[in-house]
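These notes are about the structure you will find just below.
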Amino acid sequence: MHVGAAGRGHARRAGRRGPGLPPETAAARTRRARAIARRLAQGYPHPEIPLHHSSPFQLLIATILSAQSTDAQVNLVTPGLFQRYRTPADFANARREELEQAIHSTGFFRAKTRAIQSASRMLVERFGGEVPRTLDELVQLDGVGRKTANVVLSIFGLPGIVVDTHVRRLSRRMALTAHDDPDKIEQDLMAVIPREDWSAFSLRLIYFGREVCDARRPQCPSCPIRDLCPSSRYGGFPPWMAVRRAGRNGRGGRAGAVPPAGTPNQSEANSKQRLLARAAGPASGRIAGRTSGGIAGRPTNGTGRGPASPRPRTVPSGASGRHER
Ligand code: SF4
């Protein structure tokens, strides 16, 4: 079908994702996104959720606990926790002080205890003690936003894009979205990635963000997808991300600076804001180590940051289920 000059111009404009992004048609962006997805799949053929669990309910609790904590820390806590409290009713009826003590090391333990007990009560009262299988129902639970809901849905085999801090950063660096709002990022990624790959693609981005496309030290020169990433020519700090930061803060930042890691999904942020706003006292939360922003991937060198080696030649292959978290 012939497309005239005006049509081509319109298509080009329609394909732009927003001011500052490299010009690209929607079709070209979709092709590029799928090529990225294929290449990541080579390196991470079987990405697994890094939070240990043996049921949807346990994953729900672990994901709530992972807010502003590390997956490794959560994985240290949950074995004992799940041995002591096995069902939603157990959590709902637990003594608050005892539950707070059990999850203390994950940080924000008071707010998390309230959220866990509230969500558990809702599961008992509204859902017969079972974790619901729809996003709309899951996000009704206290402490559960779209990110947590999509994590939980994934173990039911229901695809969902999980937008944590890594997915947010990488999708912007890869110019797959012009948005900063996690819900809009989720929509943009859903539009270019095949539905059946949504969950795995999210996990692969998370692992890749930890191991290669680090927030502060992206390894662009040796990145295995640098030919598909418009940010490679900017060393991982493209101008379209700097523009957003300057606009949001009302002042210019360091050229190409990226937002600090750890900013969670907006829906999640709202839930977490409710959580954290209720967290009382100075003892309510700081823990050593890097925060994961949710279900994020494994640590690779014991620090939660990227691997010590700065020059991987291929997509890392570590996310095959042997990882610690
Ligand atoms: S080229 Fe750089 S910015 Fe792009 S994905 Fe690779 S490490 Fe990240």
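The values are calculated or read from the model by the stated rules, or taken from the named source; none is laboratory data. Please read these numbers as outputs of a predicted model, since none were measured by experiment. Virtual Cβ from ideal backbone geometry, glycine too; neighbours counted across all protein chains shown.
Do any residues in region 209-222 that are within 6 Å of the ligand (Cβ to nearest atom) have Cβ atoms under 6 Å from those of residues that are among the basic types (Lys, Arg) and modelled with pLDDT of 95 or more, where the two are at least six apart or on different chains, and which pairs are they?
220/226
Has region 159-168 got at least one residue that is more than 16 Å from residue 38 (Cα to Cα), of a type in the set (Ser, Thr, Tyr), buried (at least 20 other Cβ atoms within 10 Å of the Cβ) and within 16 Å of the ligand (Cβ to nearest atom)?
yes
Could you tell me which of the residues 261, 255 is crowded, with 19+ Cβ neighbours inside 10 Å, at pLDDT below 50, more than 10 Å from the ligand (Cβ to nearest atom) and assigned to a loop (DSSP other than H, G, I, E, B)?
261
Hey, does region 193-200 have a residue that's touching a Leu at 6+ places or on another chain (Cβ under 6 Å) and either away from the ligand (no atom under 16 Å from the Cβ) or modelled with pLDDT under 95 (or both)?
no
Within region 101-115, can one find any residue that is of a type in the set (D, E, K, R) and assigned to a loop (DSSP other than H, G, I, E, B)?
no
When region 194-221 is examined, which residues are found to be hydrophobic (A, V, I, L, M, F, W, C), within 13 Å of residue 150 (Cβ to Cβ) and surrounded by fewer than 24 Cβ atoms within 10 Å (Cβ to Cβ)?
198, 200
So which residues in region 39-72 are surrounded by fewer than 23 Cβ atoms within 10 Å (Cβ to Cβ) and of a type in the set (S, T, N, Q), if there are any at all?
42, 54, 55, 58 - these are the residues of region 39-72 that are surrounded by fewer than 23 Cβ atoms within 10 Å (Cβ to Cβ) and of a type in the set (S, T, N, Q).
If you go through region 137-160 one residue at a time, do you hit one that is closer than 15 Å to residue 50 by Cα, part of a loop (DSSP other than H, G, I, E, B) and among the β-branched types (Val, Ile, Thr)?
Checked region 137-160: at least one residue is closer than 15 Å to residue 50 by Cα, part of a loop (DSSP other than H, G, I, E, B) and among the β-branched types (Val, Ile, Thr).
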